[in-house]
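The values are calculated or read from the model by the stated rules, or taken from the named source; none is laboratory data. What you see is a predicted model, and the numbers here were worked out from it, not measured in a lab. Every residue, glycine among them, receives a Cβ derived from its backbone with ideal geometry; neighbour counts consider all protein chains shown. SASA here: full protein model, heavy atoms, side chains in, ligands and nucleic acids out. Shrake-Rupley method; radii C 1.70, N 1.55, O 1.52, S 1.80 Å.
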Amino acid sequence: MQPPFHAVSIVMIEDDEGHARLIERNIRRAGVNNEIVPFRDGTSALEFLFGADGSGEVSGRRHLLILLDLNLPDMTGIDILERIKANPHTKRSPVVVLTTTDDSREIQRCYDLGANVYITKPVNYEGFSNAIRQLGLFFSVIQVPENS
């Protein structure tokens, strides 16, 4: 028997508008039509994920896949990742870190905190486009677990 299918929303936390457009375009090009909920800073993303009361209960019934840049204007992606993985309502949501940082200690820290995938954004457009296209293909087959 097939498990019930749930629509997965992609939460994109990316402050660079050009990168955000490129990510969305390549996800669409890979045939992924899921809703993409964009945020340009950590504060508004956390408000969405944890709700007005900050409990995270609002995300307990959501099926989310989180795309997370580490370099944001108001806080680090590491802080966001820690909070997502520490909350019982969001800890099972897959997190894909998508950033320009390729420091091995930072990569290890993200995995230690529970990141599912770490992708370094190539500085050149073509390389970045390619990485995102691969990510789109990955999204088309990924299964997101129940949160609650």
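Give all pairs with beta carbons closer than 6 Å in which a residue from segment 109-120 that is touching a residue at least 12 places away in the same chain (Cβ under 8 Å) meets a residue that is open to solvent by 30 Å² or more (accessible area, probe 1.4 Å) and of a type in the set (Lys, Arg); count only pairs at least 6 apart in sequence or on separate chains.
LEU113/LYS85; GLY114/LYS85
Collect the residues in segment 37-62 that are open to solvent by less than 50 Å² (accessible area, probe 1.4 Å) and either in contact (Cβ under 8 Å) with a residue 60 or more places away in the chain or in contact with a helix residue (DSSP H, G or I) (Cβ under 9 Å, 6 or more places away or on another chain) (or both), keeping them in residue-number order. Talk me through it step by step, then tell me what you get.
Taking segment 37-62 and keeping what is open to solvent by less than 50 Å² (accessible area, probe 1.4 Å), we get 37, 39, 41-42, 44-46, 49-51, 54-56, 59-60.
Correct list: VAL37, PHE39, GLY42, ALA45, LEU46, LEU49, PHE50, GLY51, GLY54, GLY56, SER59, GLY60.
Being open to solvent by 40 Å² or more (accessible area, probe 1.4 Å) and of a type in the set (A, V, I, L, M, F, W, C) is the filter; apply it to segment 64-115 and report the residue that is modelled with the lowest pLDDT.
For segment 64-115, the residue satisfying everything is ILE107.
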